[in-house]
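A.B. asks: Structure in structure tokens, see below.
The values are calculated or read from the model by the stated rules, or taken from the named source; none is laboratory data. Just so you know, these numbers come straight off a predicted model, no measurement behind them. Backbone-built Cβ (ideal geometry, glycine too); neighbour counts: all protein chains shown.
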Amino acid sequence: MKYIIMLAAMLLIVMSSNNVQAQNNEKDNFLVQVDGLGCPFCAYGLEKKFKEWKGLKNPKIDMETGNFTFTYPAAEKLTIAAVEKQVEAAGYTPVSVVINRSDGSIETTKKEVVTTKKAVQANQKSTVTVAGNCDMCKARIEKAANSVTGVQGATWDKNTQELTLLLSNSTTVQQVEQAIAKAGHDTPDVKASNKTYNNLHGCCQYPRLK
Amino acid sequence: MNVYHNTLLVAVLLIMIGCDSPKGTEKIAVETPSIAAQWQEVERIDLDTIAPIGLTYFKENLWIADGDNNQLVKLTKAGTIEVVLQDLERPMHLDSDADYIYIPEYGKDVISRFDGNQKTEESMEQLDAPASISVQGTTRAVADFYHHQIWYNEGENWVAFGEKGKENGQFHYPTDVQLMGDKIYVADAYNHRVQVLDKQGKWLQTIGEAEKMNATTGIYVNEKELFATDFENNRVLVYDLEGNLQQTITEQLEKPTDVLQVDQRIYVINYGSKELVIYEYQ
């Protein structure tokens with residue numbers, strides 16, 4: 001009987017130890033979309049800042065899409081807020097974060113897009129000059145423009161500095177300019193605040209419009 | 001007879017004067033056209049999967065820092081690519097002397113030396129992302145990307161020049177540095193210019209502001225010219241050392257990251273198209 005109890009106790013210890021081991025080996029998968037990554041210096045810089053986190057593995061950055069993926073020990077329960085904060089500390093803007101937890105659950109900042117835009121008739125095509133430098137600027141400008149209700153399309157050309165807009169009748173170019181200025185980019189009529197401009201990544205600090 | 005001759009002479013002179021300057025036209029001097037020599041593309045080499053960031057010439061071969069794949073590769077004289085050193089952490093703009101290739105490892109704040117066989121590391125904890133090194137005898141300079149500074153060492157102690165900003169002598173993400181004579185040339189990437197300092201860190205000159213570069217990723221300086229790669233605008237700008245633009249090279253360039261002159265050729269690496277492009281002065 002004494003031996004049976006000892007054997008059972010040992011078995012429990014081994015099982016418990018295996019459980020801890022398994023938990024330690026489990027990884028959460030992260031997909032972070034960063035607001036454009038124009039050059040390798042920027043991409044490597046983002047990676048470097050995340051590598052300060054011990055335990056982060058398999059970092060991969062796709063500069064074209066701005067997608068940054070990595071794994072992190074599940075036991076650490078790394079949060080979306082912490083990831084966003086680290087992206088900002090590296091000098092970038094997080095667009096979205098998706099975490100595939102090792103237990104199969106998914107956490108995301110992505111919101112379901114309710115597409116009401118098609119219901120609105122796009123009646124005006126307009127262009128406006130927007131100051132910017134790079135692909136990161138392009139992503140930010142177009143995102144800001146598209147956030148305005150009634151904007152059916154927004155395409156910014158880095159070379160001409162022109163933003164082409166498709167707008168509903170009820171939407172004005174000035175509304176779009178204001179949204180873009182809030183994101184940090186000058187237009188001839190609406191300027192970004194110095195604070196917002198200074199928070200832009202180095203790639204994006206374009207010559208200010210007068 | 002004399003009267004006849006004189007009248008004829010006057011008539012000929014009048015005709016000549018009349019023909020010389022017809023109203024409304026200017027006599028156009030026709031000269032032999034002089035075509036100024038320029039850098040022209042002569043060859044392109046496909047680098048396959050290599051994502052080139054930095055370039056140097058060591059022991060009669062070109063060497064390339066492959067940033068995405070964390071390795072150092074050699075371009076042999078036969079034009080083949082040989083991976084020589086792996087497991088680097090984001091190798092950037094290289095330099096070399098007779099004995100070593102110097103490799104700034106951006107991802108882990110070290111400067112490595114490689115003699116062709118063995119690598120040794122010098123940890124520099126004061127750095128945050130070294131983007132470039134330049135070596136001139138026992139003198140070294142390092143571009144410190146995230147601290148917006150240039151570190152300088154004449155053989156013993158490191159001193160830092162500059163800080164984040166847009167004024168003369170300040171930097172905004174410096175990505176390349178070169179020691180040349182008694183000057184330090186800096187690719188001041190996101191201030192979109194090249195700055196020239198003396199070896200005490202005093203600002204001397206700014207080059208390239210009018211060209212609105214974005215971003216100034218790599219530079220090379222010789223006794224007469226300065227070359228700067230303009231990443232987003234897909235070009236290499238060539239200046240004299242007074243800062244006057246001499247040529248804008250755009251042929252076959254796609255997101256260039258570094259430029260190097262060896263003998264009568266310049267070599268430019270394209271991060272975008274993963275190519276090495278060679279130009280000659282013709």
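A.B. asks: Against the conditions (1) modelled with pLDDT of 75 or more; (2) within 14 Å of chain B (Cβ to nearest Cβ), where does A:GLY38 fall short? Just the number, please.
C.D. replies: Single failed check for A:GLY38: (1).
A.B. asks: Which of the residues that make up the stretch B:245-272 are more than 14 Å from chain A (Cβ to nearest Cβ), buried (at least 18 other Cβ atoms within 10 Å of the Cβ) and assigned to a loop (DSSP other than H, G, I, E, B)?
C.D. replies: Result: B:LEU253, single match.
A.B. asks: Might you let me know whether the stretch B:200-209 holds any residue that is within 25 Å of B:ASN233 (Cα to Cα), β-branched (Val, Ile, Thr), touching a residue at least 12 places away in the same chain (Cβ under 8 Å) and surrounded by fewer than 24 Cβ atoms within 10 Å (Cβ to Cβ)?
C.D. replies: Residues of the stretch B:200-209 within 25 Å of B:ASN233 (Cα to Cα): B:205-209.
When the remaining residues are screened for being β-branched (Val, Ile, Thr), the result is B:206-207.
Within this subset, residues satisfying the condition of being touching a residue at least 12 places away in the same chain (Cβ under 8 Å) are B:206-207.
Now narrow it down to the ones that are surrounded by fewer than 24 Cβ atoms within 10 Å (Cβ to Cβ): B:206.
Yes, because at least one residue in the stretch B:200-209 is within 25 Å of B:ASN233 (Cα to Cα), β-branched (Val, Ile, Thr), touching a residue at least 12 places away in the same chain (Cβ under 8 Å) and surrounded by fewer than 24 Cβ atoms within 10 Å (Cβ to Cβ).
A.B. asks: So, one more: Regarding the stretch B:148-156, can at least one residue be identified that is touching a residue at least 60 places away in the same chain (Cβ under 8 Å), closer than 16 Å to B:TYR106 by Cα and within 12 Å of chain A (Cβ to nearest Cβ)? Give the steps one after another, and end with the answer.
C.D. replies: First, the residues of the stretch B:148-156 that are touching a residue at least 60 places away in the same chain (Cβ under 8 Å): none.
No, because not a single residue in the stretch B:148-156 is touching a residue at least 60 places away in the same chain (Cβ under 8 Å), closer than 16 Å to B:TYR106 by Cα and within 12 Å of chain A (Cβ to nearest Cβ).
A.B. asks: Do we have any residue at all in the stretch A:127-139 that's within 22 Å of A:ALA90 (Cα to Cα), basic (Lys, Arg), in a helix (DSSP H, G or I) and at pLDDT below 90? Lay out the reasoning, then the answer.
C.D. replies: Residues of the stretch A:127-139 that are within 22 Å of A:ALA90 (Cα to Cα), as a first pass: A:132-139.
Next, from what is left, pick out any that are basic (Lys, Arg): A:138.
After this cut, where a residue has to be in a helix (DSSP H, G or I) as well, the list is A:138.
Add one more test, that the residue is at pLDDT below 90, and what stays is A:138.
Yes, the stretch A:127-139 contains a residue that is within 22 Å of A:ALA90 (Cα to Cα), basic (Lys, Arg), in a helix (DSSP H, G or I) and at pLDDT below 90.
A.B. asks: Return yes when B:HIS172 is touching an Asp or Glu at 6+ places or on another chain (Cβ under 7 Å), within 14 Å of chain A (Cβ to nearest Cβ) and closer than 18 Å to B:ILE219 by Cα and no when it is not.
C.D. replies: Details: touching an Asp or Glu at 6+ places or on another chain (Cβ under 7 Å): yes; within 14 Å of chain A (Cβ to nearest Cβ): yes; closer than 18 Å to B:ILE219 by Cα: yes.
Spelling it out, B:HIS172 is indeed touching an Asp or Glu at 6+ places or on another chain (Cβ under 7 Å), within 14 Å of chain A (Cβ to nearest Cβ) and closer than 18 Å to B:ILE219 by Cα.
A.B. asks: How many residues does the stretch B:157-187 hold that are over 24 Å from A:TYR44 (Cβ atoms) and either without any contact (Cβ under 8 Å) to a residue 12 or more places away in the chain or outside any strand (DSSP E or B) (or both)?
C.D. replies: Residues that pass the stated criteria total 6.
A.B. asks: Can you name the residue in the stretch B:103-123 that is within 14 Å of chain A (Cβ to nearest Cβ) and acidic (Asp, Glu) and is also surrounded by the fewest Cβ atoms within 10 Å (Cβ to Cβ) among such residues?
C.D. replies: If we take residues in the stretch B:103-123 being within 14 Å of chain A (Cβ to nearest Cβ) and acidic (Asp, Glu), then B:ASP109 is surrounded by the fewest Cβ atoms within 10 Å (Cβ to Cβ).
A.B. asks: Scan the stretch B:153-181 residue by residue and report those that are on the phi > 0 side of the Ramachandran plot and under 21 Å from the mean Cα position of the chain (by Cα).
C.D. replies: Quick first cut of the stretch B:153-181, residues on the phi > 0 side of the Ramachandran plot only: B:155, B:162, B:165, B:169, B:173, B:181.
Scanning the stretch B:153-181 gives B:GLY169, B:TYR173, B:GLY181.
A.B. asks: Exactly one condition in (1) over 12 Å from the mean Cα position of the chain (by Cα); (2) modelled with pLDDT of 95 or more; (3) not hydrophobic (A, V, I, L, M, F, W, C) is not met by B:ASN222; state its number.
C.D. replies: Evaluating B:ASN222 over (1) over 12 Å from the mean Cα position of the chain (by Cα); (2) modelled with pLDDT of 95 or more; (3) not hydrophobic (A, V, I, L, M, F, W, C) leaves (1) as the failure.
A.B. asks: Conditions first: (1) closer than 21 Å to A:ASN58 by Cα; (2) more than 14 Å from chain A (Cβ to nearest Cβ). B:THR76 passes all but one, so which condition is the exception?
C.D. replies: The number of the failed condition is (1).
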